1. Could you check SER167 against (1) surrounded by 24 or more Cβ atoms within 10 Å (Cβ to Cβ); (2) of a type in the set (Gly, Ala, Ser); (3) touching a helix residue (DSSP H, G or I) at 6+ places or on another chain (Cβ under 8 Å) and say which number it fails?
2. I need the full set of residues from region 228-274 which are under 30 Å from PHE166 (Cα atoms) and without any contact (Cβ under 8 Å) to a residue 24 or more places away in the chain, in order please.
3. For ASP225, are the conditions met, namely being without any contact (Cβ under 8 Å) to a residue 40 or more places away in the chain, touching a Pro at 6+ places or on another chain (Cβ under 9 Å) and not hydroxyl-bearing (Ser, Thr, Tyr)?
4. Pairs needed: first member in region 167-196, touching a residue at least 60 places away in the same chain (Cβ under 8 Å) and part of a helix (DSSP H, G or I); second member anywhere, crowded, with 24+ Cβ neighbours inside 10 Å and charged (D, E, K, R); C-beta distance under 7 Å; at least 6 residues apart or different chains.
5. Residues THR250, THR269: which one is touching a strand residue (DSSP E or B) at 6+ places or on another chain (Cβ under 8 Å) and under 28 Å from VAL129 (Cβ atoms)?
6. Test SER85 against the stated conditions and say whether it is at pLDDT 95 or above, crowded, with 22+ Cβ neighbours inside 10 Å and hydroxyl-bearing (Ser, Thr, Tyr).
7. Would you confirm whether any residue within region 118-125 is part of a strand (DSSP E or B), in contact with a strand residue (DSSP E or B) (Cβ under 9 Å, 6 or more places away or on another chain) and under 23 Å from GLU199 (Cα atoms)?
8. Kindly state which helices (runs of 4 or more DSSP H) lie completely within region 199-293 and contain at least 3 residues that are over 26 Å from ARG146 (Cα atoms).
Amino acid sequence: MTETMIGVIGGSGVYDLDTLEDKRWTAVASPWGTPSDEILTGTLDGVKMAFLPRHGRGHVHSPSSVPYRANIDALKRLGVTDVISVSACGSFREEMAPGDFVIVDQFIDRTFAREKSFFGTGCVAHVSVAHPTCPRLGAACLTAARDAGITVHDGGTYLAMEGPQFSTLAESRMYRESWGADVIGMTNMPEAKLAREAELCYASVAMVTDYDSWHPDHGAVDISDIVKVLLGNADKARSMVRRLPALLGTERAPCPHGCDRALDHALLTAPDKRDPALLARLDAVAGRVLDGA
């Protein structure tokens, strides 16, 4: 058993968790760069918590400039075991209406301007992301959202686009009709992939703000309308998070889905060929498997 520490990555509109006890903002140094912001740490119902605003307080990072590797590495260094991502998204489904939450279980990655892995030349590794989110953690988020009175959908495919512009009408129709995506956002990739490489359980809670541009009665996405829904969704997200410690508990067994053992058979580079400089940067992310190499 290990001690639970819940890490929450807050998306647009979610820049603080005001319910934490003994809270303080802490700067965490990472060899992968400077994280989006300091990390708010504290406890909630006896469970350790860490909160990181993905875009930084004041929303200073665009989706493309978010330092995803530094963020995940910093959370791992703090001792986080379970990462909950909350993020704004558009919807491709009539039934997934603005104000609803979706527990994402699949992704289509259309981003192209971001570093997507901790590994590379000098230490090659391939992890499976066939099932990119943790079912155990997603189920806890589903229960917490329902208990908070939020309309929440169990399962959905998230199309991750580069941004920062919203979709064209042709793109929106293609993602919805041909590709079968359910929601669209700009930030869960490569975040989910990096969490898997760092052997962290990861759940994605997509907060619907709009119907993108496909909807005949919705028209072009209007940022002012999105902001109105965004503020309401932020309050719902905090309400959901408040219920997670009671569901996850202070101690956790090994992940039944193997998220915390994702690197068991992932490293391909022979030990004598590995780059010492890269290994030093991987001390938190991959220390479990590298220490015994």
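The values are calculated or read from the model by the stated rules, or taken from the named source; none is laboratory data. Bear in mind that the values here come from a model prediction, so they are computed numbers and not experimental data. Positions of Cβ are generated from backbone atoms using ideal geometry, with glycine treated the same way; all protein chains shown enter the neighbour counts.
1. (1)
2. Filtering region 228-274 down to residues under 30 Å from PHE166 (Cα atoms) leaves 228-241.
LYS228, ASP235 - these are the residues of region 228-274 that are under 30 Å from PHE166 (Cα atoms) and without any contact (Cβ under 8 Å) to a residue 24 or more places away in the chain.
3. Working: without any contact (Cβ under 8 Å) to a residue 40 or more places away in the chain: yes; touching a Pro at 6+ places or on another chain (Cβ under 9 Å): yes; not hydroxyl-bearing (Ser, Thr, Tyr): yes.
Against the criterion (without any contact (Cβ under 8 Å) to a residue 40 or more places away in the chain, touching a Pro at 6+ places or on another chain (Cβ under 9 Å) and not hydroxyl-bearing (Ser, Thr, Tyr)), ASP225 qualifies.
4. Listed by first residue and then by second, the contacts come to SER172/ASP212; LEU194/ARG69.
5. Numbers: THR250 fails: under 28 Å from VAL129 (Cβ atoms).
When all the criteria are applied, what remains is THR269.
6. Values: at pLDDT 95 or above: yes; crowded, with 22+ Cβ neighbours inside 10 Å: yes; hydroxyl-bearing (Ser, Thr, Tyr): yes.
It is true that SER85 is at pLDDT 95 or above, crowded, with 22+ Cβ neighbours inside 10 Å and hydroxyl-bearing (Ser, Thr, Tyr).
7. Residues of region 118-125 that are part of a strand (DSSP E or B), as a first pass: 120, 123, 125.
Narrowing the set further to residues that are in contact with a strand residue (DSSP E or B) (Cβ under 9 Å, 6 or more places away or on another chain) leaves 123, 125.
With the extra rule that they be under 23 Å from GLU199 (Cα atoms), the set shrinks to 123, 125.
Within region 118-125 (the criterion being part of a strand (DSSP E or B), in contact with a strand residue (DSSP E or B) (Cβ under 9 Å, 6 or more places away or on another chain) and under 23 Å from GLU199 (Cα atoms)), the answer is yes, since at least one residue qualifies.
8. On the way: elements: 223-242, 244-248, 276-281, 287-290.
Because the criterion is at least 3 residues that are over 26 Å from ARG146 (Cα atoms), the helices (runs of 4 or more DSSP H) in region 199-293 that meet it are 276-281, 287-290.
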